[in-house]
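The values are calculated or read from the model by the stated rules, or taken from the named source; none is laboratory data. Here the structure is a predicted model, which means the values were calculated and not measured. Cβ atoms come from the backbone with ideal geometry, glycine included; neighbour counts cover every protein chain shown. Protein only, heavy atoms only, side chains kept; ligands, DNA and RNA dropped before computing areas. Shrake-Rupley method; radii C 1.70, N 1.55, O 1.52, S 1.80 Å.
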Amino acid sequence: MDLLSVYPQTVTALGAMALLMLVQTLIVDVVGMRAKHVPGSTVAADHENPLFRASRAVGNTNETIAIFILGVLFCFLNGANPEHTAIAAWGFVAARGLYALCYYFNLKILRSTVFGVVLLSQLSLIVIGFRA
């Protein structure tokens, strides 16, 4: 099966997620340099600290990315509906981007709500894969 011809939107979502992760990494690096943070040292848990928020945004993305990739792979291998798979994948990518913005700007309630969308997108991928 040629994944690019069957799942072009989902493959593009994977690329967009990779780009989002790169941008998040660059943001935390720049924030850390501006704060004169010593690389490798612990960042104090303080939601008022932009470096803490940026590093948690990256950390949370790293905590959720495996489920996303496995869900997409499960859909690919089971021949799940390409349109449904793409909607769930793009929902995840969009929610991860919004989640990071909410973390950067310290929007706690909205961040938690958006994280619910992240979880719903992941669950959707798994359900779509099982329904195939």
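By a 1.4 Å probe calculation restricted to protein chains, ILE126 has an accessible surface near 60 Å², given to the nearest 10.
How big is the shadow of the Cα convex hull of the range 46-124, averaged over all directions, in nm²?
Taking the Cα atoms of the range 46-124, their convex hull projects to 4.7 nm² on average.
Along each principal axis, taking the top coordinate minus the bottom one, the Cα set of the range 36-89 gives 48, 20, 15 Å in descending order. Computed from Cα atoms, the angle from the helix 8-34 axis to the main principal axis of the chain rounds to 10 degrees. Could you tell me how many degrees, from 0 to 90 and to the nearest 10, lie between the Cα long axis of helix 108-131 and the main elongation axis, the longest principal axis, of the Cα atoms of the chain? Tilt relative to the chain: about 20 degrees.
For the range 5-95, a simple Cβ point-charge model (Lys and Arg +1, Asp and Glu -1, everything else neutral) yields a dipole of about 200 debye relative to the Cα centre. Placing one identical point scatterer on every Cα of the chain and ignoring solvent, what is log10 I(q)/I(0) from the Debye formula at q = 0.13, 0.17 Å⁻¹? Values, matching the q order: -0.57, -0.85.
With R₀ fixed at 25 Å, the C-beta to C-beta distance from VAL23 to ASP2 puts the FRET efficiency at about 0.30. Report the residue, chosen from VAL117, VAL72, VAL30, that carries the largest GNM mean-square fluctuation when the chain is represented by alpha-carbon nodes joined by springs under 10 Å. Comparing VAL117, VAL72, VAL30 in the GNM, the peak value goes to VAL30.
Between ILE65 and ASN78, full extension at 0.36 nm per residue minus the direct alpha carbon distance yields a gain of 2.7 nm. For the chain, the longest principal axis of the alpha carbon atoms and the long axis of helix 50-78 meet at an angle near 10°.
Quick one: divide the alpha-carbon radius of gyration of the range 1-52 by 2.2 N^0.38 Å and tell me what you get.
Working: Rg = 17.1 Å, N = 52, 2.2 N^0.38 = 9.9 Å.
For the range 1-52, the normalised Cα radius of gyration is 1.73.
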